[in-house]
Amino acid sequence: MAKKNRQAEPAPVPQPLSELLRLPAGAVHLGGTDTASTVGFSGGKTEAPARTAALEPELSDLQERLYAAGRAGEAGAPKVLVVLQGMDTSGKGGVIRHAIGMVDPQGVKIKAFKAPTEEERAHPYLWRIERELPPPGVIGIFDRSHYEDVLTVRVNSLVKESVWEKRYDEINAWEDQLVASGTTTIKCFLHISSAEQKARLAARLDDPTKFWKYNPGDVDERSKWLAYVEAYEAVLERCSTQRAPWFVVPSDRKWYRNWAVAQLLVEHLRGLDLPWPPAGFDVEAEKVRLAAT
């Protein structure tokens, strides 16, 4: 868990980042977006560590309020789901370490979705997703998600187009119900450039301490870059809704990506406006009982 920086104060964001990064309605053309942008961040890389650490006290407090509501068994205690999607090397693991790592791990549930197992393939594609949703009071983190069923499945022709094509509407209806039932959903597309992905893969090959991160299959997937761009454009355009919008996070700069996701999480938790749960017992009577021991 990151150490708290007690001297740095969170610099004000002139406009909520959730507004700045929220995908606008209309056609999506990823080639026209700046993957190295630092929108909403005043300063540069040298200021980033302190600015990110400065979010920790508030983030920790907000997350504890959420967790307390769940532990107290309050009716309708909210849940939070952070969906991380992006090309290989876009930094899903980095976000989990640096941004999500600032909160108490007992209030976080992380699930990395790999290729479905034989048991999972025997069920509808959303079955394995529903099993990993966060319980009340918990922040759930999806490293990849149900969107693989309209991304990888589409690009690699794992099912017929007639099958994956109808999944966009199915996902929208499912997410709408999810939000309506009390799950705040933060969908982050970690947007990197082809050049940056190539540089990150090369860095893994140049550093023996990063060999474990390298997967030869990533080069095979990289050869399908344009097909993935097309698939992501369809996902962003068709599955960014009023209740569950997509946030496009420029991710060529790791320091900005980490700060941005942490800031988005803070803003959404603030929006829940959670009080501390009231005591379920007579406080004064308990003080008397305790004093007598």
Extended-chain gain in nm, criterion 0.36 nm per residue less alpha-carbon gap, W174 and D104:
22.3 nm
Counting sequence-distant residues (5 or more places) and residues on other chains, those with an amide H built under 5 Å from that of K109 are I139, G140, I141
Under the 7 Å Cα-to-Cβ spin-label approximation, K114 and A27 lie apart by a distance in nanometres of 4.1
Label of the coordinate-derived value, Cα extents along the principal axes in Å, listed as [x] 72, 47, 40; [y] 74, 53, 44; [z] 54, 40, 39
[x]
Sorted by chain and number, the residues with a modelled amide H under 5 Å from that of G86, at a separation of 5 or more or across chains, are L190
Enumerate the calculated ³J(HN,Hα) couplings along segment 96-113 in order (Karplus 6.51 cos²θ - 1.76 cosθ + 1.60, θ = phi - 60°), each rounded to whole Hz, writing x wherever the residue is Gly or Pro.
4, 5, 8, 8, 5, x, 7, 10, 5, x, 6, x, 10, 10, 10, 9, 9, 8
Quick one: with all protein chains in place, what share of the accessible area of segment 68-189 is carbon or sulfur, to the nearest percent (1.4 Å probe)?
50
Hey, what do the phi angles of segment 45-52 turn into as Karplus ³J(HN,Hα) couplings, whole Hz, using 6.51/-1.76/1.60 and θ = phi - 60°, x for Gly and Pro?
4, 5, 7, 4, x, 5, 5, 5
Virtual spin-label span in nm between A50 and A195, 7 Å along Cα→Cβ:
3.1
What accessible area per residue comes out for segment 17-127, rounded to a whole number of Å², with a 1.4 Å probe?
48
Taking DSSP loops as anything outside H, G, I, E and B, show the longest stretch in the chain free of trypsin sites (Lys or Arg not before Pro) there with at most 16 other beta carbons within 10 Å.
46-113
Given the rule -39500 (n - 2.57) for each run of at least 4 DSSP H residues, summed and divided by the residues of the chain, what is its mean residue ellipticity at 222 nm, to the nearest 500 deg cm²/dmol?
-12000 deg cm²/dmol
Of the DSSP H helices in the chain, those whose Cα atoms cover at least 24 Å axially and whose Kyte score averages -1.0 or more
254-272
With labels modelled as points extended 7 Å from the Cα through the Cβ direction, what inter-label distance (nm, one decimal) is found for E284 paired with H123?
5.1
Straight-line reach from K166: which aspartates and glutamates have a Cα under 17 Å away, not including same-chain ones fewer than 8 places off?
E148, D149, E175, D176, E230, E233, E237
For segment 212-272, what is the accessible area per residue in Å² when the probe is 1.4 Å?
43
Whenever you get a sec, compute what percent of the accessible area on segment 190-242 sits on carbon and sulfur atoms (1.4 Å probe).
56
Expected vector for segment 142-147, Karplus 3J(HN,Hα) from phi with 6.51, -1.76, 1.60 and θ = phi - 60°, integer Hz, x for Gly and Pro, equals 9, 8, 6, 6, 4, 5
Please give the FRET efficiency for Q15 paired with K210, using the beta carbon to beta carbon distance and R0 = 35 Å, rounded to the nearest 0.05.
0.40
Just to be sure I understand: of the beta bridges DSSP finds with both ends in the chain, what percent are antiparallel, rounded to 5?
5
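The values are calculated or read from the model by the stated rules, or taken from the named source; none is laboratory data. Quick caveat: nothing in here was measured; it's all calculated off a predicted structure. Every residue, glycine as well, gets a Cβ built from its backbone with ideal geometry; the counts of neighbours run over all protein chains shown. Please note that ligands, DNA and RNA were not included when accessible areas were found on the heavy atoms of the full protein model with its side chains. Shrake-Rupley method; radii C 1.70, N 1.55, O 1.52, S 1.80 Å.
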